[in-house]
Amino acid sequence: MKFISLRKTSPEESGKIRLILVASIFLILLTAKYYPLDLLSHFFPGLFREDSSCIMLNVTGFPCPFCGMSRAFEEFIHLNFSKSIFYNPASVFFFTFSAIFCLAIFVLSFFNYKISIKFNRFTLSVFLILLMMIWILNIYSGHH
């Protein structure tokens, strides 16, 4: 079953893809450094614990699949992979896969191609299974 394909695009659309990708990466790096939830915790202090800005962890007591990712990212960019895994066990895989995928999108855009993902039941099932595995791994061995 083919759920990822390459599609030819116009040079203008390729330029837009590069611009959106670079802007998204910039925004992600900016929010990793300056946590937007710190501002929210200032206005809603009862919703956040002292040691966590994760709403799900504060409300339910269980970490979300991405709890610890900000701290893990900080350690990842300093090449401290063991500490990154300490904060979220799936972080090194997630960041590496994301970087390779973004690089592929960026390089392909120079050749006027874009990646198309066909979302169907199979793709959704794979995504949900991966998300559940990350969540279970983070609950049992992640640092919250």
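The values are calculated or read from the model by the stated rules, or taken from the named source; none is laboratory data. It should be emphasised that the depicted structure is a prediction, and the values quoted were computed from it without experimental measurement. All Cβ positions, glycine included, derive from the backbone under ideal geometry; neighbour counts span all protein chains shown.
Matching residues to (1) surrounded by 15 or more Cβ atoms within 10 Å (Cβ to Cβ); (2) out of contact with any Asp or Glu (no Cβ under 9 Å at 6 or more places or on another chain); (3) in contact (Cβ under 8 Å) with a residue 12 or more places away in the chain:
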| position | (1), (2), (3) |
| --- | --- |
| Ala72 | yes, yes, yes |
| His78 | no, yes, no |
| Ile85 | yes, no, yes |
| Pro89 | yes, yes, yes |
| Phe97 | no, yes, no |
| Leu103 | no, yes, no |
| Asn112 | yes, no, yes |
| Leu124 | no, yes, no |
| Leu128 | no, yes, no |
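Contact map, the stretch 1-19: residues that are in a helix (DSSP H, G or I) paired with residues that are among the polar types (S, T, N, Q) and surrounded by 14 or more Cβ atoms within 10 Å (Cβ to Cβ), Cβ distance under 7 Å, separation 6+ or inter-chain. Pairs shown: Pro11/Asn112; Ser14/Ser109; Ser14/Asn112; Ile17/Ser109; Arg18/Ser109. Remark: pairs (first residue in the stretch 56-69, under 20 Å from Phe44 (Cα atoms); second residue among the polar types (S, T, N, Q) and crowded, with 19+ Cβ neighbours inside 10 Å; Cβ separation under 9 Å; 6+ apart in sequence or on different chains) = Pro63/Asn88; Pro63/Asn138; Cys64/Asn138; Cys67/Asn88; Cys67/Asn138.
When the stretch 57-97 is examined, which residues are found to be in a loop (DSSP other than H, G, I, E, B) and either at pLDDT 90 or above or β-branched (Val, Ile, Thr) (or both)? Write out each step before concluding.
Start the filter on the stretch 57-97 by keeping residues that are in a loop (DSSP other than H, G, I, E, B), which leaves 61-68, 78-80, 88-90.
Listed by number, the residues that qualify are Leu79, Asn80.
From the list Ile17, Ile25, pick out the single residue that is in contact with a helix residue (DSSP H, G or I) (Cβ under 6 Å, 6 or more places away or on another chain), surrounded by 12 or more Cβ atoms within 10 Å (Cβ to Cβ) and modelled with pLDDT of 85 or more. It is Ile17. Restricting the stretch 98-130 to residues that are among the β-branched types (Val, Ile, Thr) and assigned to a helix (DSSP H, G or I), the residue that is nearest to Arg7 (Cα to Cα) is Ile105.
Does Ile134 count as of a type in the set (A, V, I, L, M, F, W, C) and surrounded by 15 or more Cβ atoms within 10 Å (Cβ to Cβ)? Judged against the criteria, Ile134 is a match.
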